[in-house]
Amino acid sequence: MKKTATLTFSDGSPSIELPIEQGTYGKPVIDIRALAAQGYFTHDPGFTATSSCNSAITYIDGDEGLLYYRGYPIEELAYKSDYMEVSYLLLHGELPTAEQKMAFVQSIRHHTMLHDQMENVFRGFRRDAHPMAVMVSVTGAMSAFYHEDMNIFDPKQREIVAHRLIAKVPTVAAWSFKYNEGQPFVYPQNRMSYAENFMHMMFSTPCEPYEPNPVLARALDRIFILHADHEQNASTSTVRLAGSSGANPYACMASGMASLWGPLHGGANEAVLKMLDEMGDISRIPEFIARAKDKSSGFRLMGFGHRVYKNMDPRARIIRETCYEVLDELDLRDDPQFKMAMELERIAMEDEYFISRKLYPNVDFYSGIIFRAMGIPTSMFTAMFALARTAGWVAQWNEMLSDPAHKIGRPRQIYTGSTRREFVPIDRRGA
Ligand code: ACO
């Protein structure tokens, strides 16, 4: 028999029976939709206890430290797959056959270049514009290039949108960096892998040959896999909400990027490096640890703890290993700042305060260190996250529009404003 929950009222109003839904995994969910017809809304700012959709894409168990894409554990994908395959998996629900993968990679390669006119959009910015400001704008501007003939209810057209976004966002990200640097834009090189091509657009110049380091390219590809999706977080929910009205998908992705840019979401890895810069020397670690433990200081150790994972974030375990591989490859284990970061990690992981509160180093702690080691400036860190998350955003947008029962998102509110009052003409106000 299907479980239900009964809502009773202290004023003797008739109780309401609500169905309880159970997904493949996860907590049971009380379906409250019947409440509106009974004259009630529910209140849950921050959506801490509210499910907004059915989704078959990603599953997280924060207590157990599990992350699955389409049922596959993140560890399996990170070590045995690559970002192209993972993007295909997120979009289509299944890993590709060799033939399907070849066709997918071919299609992504076919779409890597930006419309030539887009260069003018970049050139409208100040040279010191934050890369995320440029990414939000240029991705949004794509809506002007692909709008008139778009039918988002046609699955084939949605697939083209997905391929275009996965292909072009790395070009947009790399060009945001090049524009900051005052270097010429570098065109995509389609003989390279996805990660190598990104490195080429970031680091090569027309003056000399450039060959991406395969260890760094593999590390980057792994970081892209780890960041590809994370179910209904703020930016993904923003993409879904914007897309629920039938809006242009490129504009929806820009809205997701805007949400990701916030320091509480995609900006944390930037905060880790700022903290390490402030710390400056290994000798100051005890001082920072003491400040983090002192509640009155208002200071937290950046890169430690997670809202959902109360066990080690499975992504952090993988990226930690990748971080050491990158530092070894670049011979940076003895670099004072990286030594300091590794010592901070060691001390915090042995400290009773962090152990008892389950405050493990998170994915942002290591991604920031890797990006800096690779020569990617701090201001680009969130852009890297946006690049990797594009596959997840577009898969979630596609899933929403594929559902014939999807509705425009429209939360309710508790109105706390004034009661009804009469309009006062301006000459009688303030009297
Ligand atoms: N440094 C020191 N103490 C911490 C830290 C930290 N980084 N994080 C949590 N705590 C302490 C809190 O003070 C609290 O202590 P108390 O029980 O003695 O009062 C306890 O640990 C629980 O903290 P909460 O705030 O309840 O944990 P919450 O789940 O709300 O916060 C968060 C999670 C926001 C990520 C937090 O750990 C934090 O601020 N970390 C630093 C910023 C950071 O690295 N963010 C990236 C998150 S990963 C991501 O977004 C992809």
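The values are calculated or read from the model by the stated rules, or taken from the named source; none is laboratory data. Predicted model only: the values in this text are computed from it and were never measured. Cβ placement follows ideal geometry from the backbone for every residue including glycine, while neighbour counts extend to all protein chains displayed. Quick note on the areas: whole protein, heavy atoms, side chains included, nothing else; ligands and nucleic acids left out. Shrake-Rupley method; radii C 1.70, N 1.55, O 1.52, S 1.80 Å.
Selection of first residues in the stretch 413-427 that are within 17 Å of Pro45 (Cβ to Cβ) and of second residues that are modelled with pLDDT of 95 or more, restricted to Cβ pairs under 9 Å at least 6 apart or on distinct chains, gives the following pairs, ordered by first then second residue: Gln413/Phe41; Gln413/His43; Ile414/Phe41; Ile414/His43.
Based on this model, can you work out whether Leu67 counts as assigned to a helix (DSSP H, G or I), touching a helix residue (DSSP H, G or I) at 6+ places or on another chain (Cβ under 7 Å) and buried (at least 21 other Cβ atoms within 10 Å of the Cβ)? So Leu67 does not fit the description; no.
Quick check on the stretch 279-295. Is at least one of its residues open to solvent by 10 Å² or more (accessible area, probe 1.4 Å), part of a loop (DSSP other than H, G, I, E, B) and either closer than 30 Å to Ser81 by Cβ or within 16 Å of the ligand (Cβ to nearest atom) (or both)? Yes, because at least one residue in the stretch 279-295 is open to solvent by 10 Å² or more (accessible area, probe 1.4 Å), part of a loop (DSSP other than H, G, I, E, B) and either closer than 30 Å to Ser81 by Cβ or within 16 Å of the ligand (Cβ to nearest atom) (or both). Only residues that are away from the ligand (no atom under 11 Å from the Cβ), in contact with an Asp or Glu (Cβ under 7 Å, 6 or more places away or on another chain) and open to solvent by 10 Å² or more (accessible area, probe 1.4 Å) were counted in the stretch 361-389, giving 1. Filter the stretch 231-275 for residues that are farther than 18 Å from Gly392 by Cα and surrounded by 24 or more Cβ atoms within 10 Å (Cβ to Cβ); which is farthest from the chain's Cα centre (by Cα)? The qualifying residue farthest from the chain's Cα centre (by Cα) is Val272.
So which of Tyr72, Tyr88, Tyr59 is aromatic (Phe, Trp, Tyr) and either touching a strand residue (DSSP E or B) at 6+ places or on another chain (Cβ under 8 Å) or in contact (Cβ under 8 Å) with a residue 40 or more places away in the chain (or both)? Explain how you work it out, then say what you get.
On the way: Tyr72 fails: either touching a strand residue (DSSP E or B) at 6+ places or on another chain (Cβ under 8 Å) or in contact (Cβ under 8 Å) with a residue 40 or more places away in the chain (or both); Tyr88 fails: either touching a strand residue (DSSP E or B) at 6+ places or on another chain (Cβ under 8 Å) or in contact (Cβ under 8 Å) with a residue 40 or more places away in the chain (or both).
Answer to the check: Tyr59.
Name the single residue, out of those in the stretch 334-360 being surrounded by fewer than 13 Cβ atoms within 10 Å (Cβ to Cβ), more than 29 Å from the chain's Cα centre (by Cα) and of a type in the set (D, E, K, R), that is nearest to the ligand (Cβ to nearest atom). Filtering first and then ranking leaves Glu352.
For first residues located in the stretch 297-319 and within 10 Å of the ligand (Cβ to nearest atom), partners that are acidic (Asp, Glu) and lie 6+ apart or on another chain with Cβ distances below 8 Å form the pairs Met302/Asp364; Gly303/Asp364; His306/Asp313; Lys310/Asp63.
Report yes if Ile60 is hydrophobic (A, V, I, L, M, F, W, C), surrounded by 13 or more Cβ atoms within 10 Å (Cβ to Cβ) and assigned to a loop (DSSP other than H, G, I, E, B), otherwise no.
Details: hydrophobic (A, V, I, L, M, F, W, C): yes; surrounded by 13 or more Cβ atoms within 10 Å (Cβ to Cβ): yes; assigned to a loop (DSSP other than H, G, I, E, B): no.
Judged against the criteria, Ile60 is not a match.
Of all residues in the stretch 5-33, those being in a strand (DSSP E or B), open to solvent by less than 70 Å² (accessible area, probe 1.4 Å) and among the β-branched types (Val, Ile, Thr) number 3.
The set of residues in the stretch 111-136 being assigned to a helix (DSSP H, G or I) and either modelled with pLDDT under 95 or among the aromatic types (Phe, Trp, Tyr) (or both) consists of Phe122 alone.
Give the residue, chosen from Tyr179, Tyr187, Tyr250, that is in contact with a helix residue (DSSP H, G or I) (Cβ under 8 Å, 6 or more places away or on another chain), over 28 Å from Gly46 (Cα atoms) and in contact (Cβ under 8 Å) with a residue 60 or more places away in the chain.
Result of the check over Tyr179, Tyr187, Tyr250: Tyr187.
Residue pairs, Cβ under 7 Å, 6 or more apart or interchain, first in the stretch 202-214 and touching a residue at least 60 places away in the same chain (Cβ under 8 Å), second of a type in the set (Ser, Thr, Tyr). List them. Between residues of the stretch 202-214 that are touching a residue at least 60 places away in the same chain (Cβ under 8 Å) and residues that are of a type in the set (Ser, Thr, Tyr), the close pairs are Phe203/Tyr210. Output the residue which, of all residues in the stretch 236-270 that are within 11 Å of the ligand (Cβ to nearest atom) and in a helix (DSSP H, G or I), is modelled with the highest pLDDT. The qualifying residue modelled with the highest pLDDT is Leu260.
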